[in-house]
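Structure first, then comments.
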């Protein structure tokens, strides 16, 4: 069952389900969820590794960070993969899971956001992939709404998130053993 905006706004107020929501989402949300905004954009560099027990993500170089006092735009180069971090921070209770979809303006422009699920018990900002699939550059404003979060009720019990990405870190920094 997807939670509607009335229930979501109640959970934001009573349980801090989502912190740092835009005024638009608090006063006039659309659909059955909230739009999340681009807070920081990173470009990957170097090699990554995923093994059976160990992993190491590529390094990240910050491209830009949202500043509420000024407009900052970035140019997404064609065929380049970026990692974005949200301005919003989630505190997912044990009986919910969040799923994301890209905003249609992006894919109508040849740009997409790669998202995943947010497991019960996860707390922190969210990271996602973003890529310009066109042959022309695409200009994106920091703080723009880039994906839509929908929260689903989980029945039958859950195993809460206990992974190393808790809190919203963007990279491993070095090779590490996976939990």
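At a glance:
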item: Count of residues meeting criterion [without any contact (Cβ under 8 Å) to a residue 40 or more places away in the chain and surrounded by fewer than 14 Cβ atoms within 10 Å (Cβ to Cβ)] in the stretch 25-48; result: 8
item: Strands (runs of 3 or more DSSP E) (entirely within the stretch 73-179) containing at least 1 residues that are more than 23 Å from residue 58 (Cβ to Cβ); result: 73-76, 81-91, 96-102, 123-132, 138-141, 145-153
item: Test result for residue 97, touching a strand residue (DSSP E or B) at 6+ places or on another chain (Cβ under 7 Å), within 18 Å of residue 147 (Cα to Cα), in contact (Cβ under 8 Å) with a residue 24 or more places away in the chain and surrounded by 14 or more Cβ atoms within 10 Å (Cβ to Cβ); result: yes
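Every read-out reported here was derived from the displayed coordinates using simple, explicitly stated rules and does not represent laboratory data. Every value quoted in this text rests on a predicted model; they were computed, and no experiment measured them. When we count neighbours, we look across all protein chains shown, and the Cβ atoms used for this are built from the backbone with ideal geometry, even at glycine.
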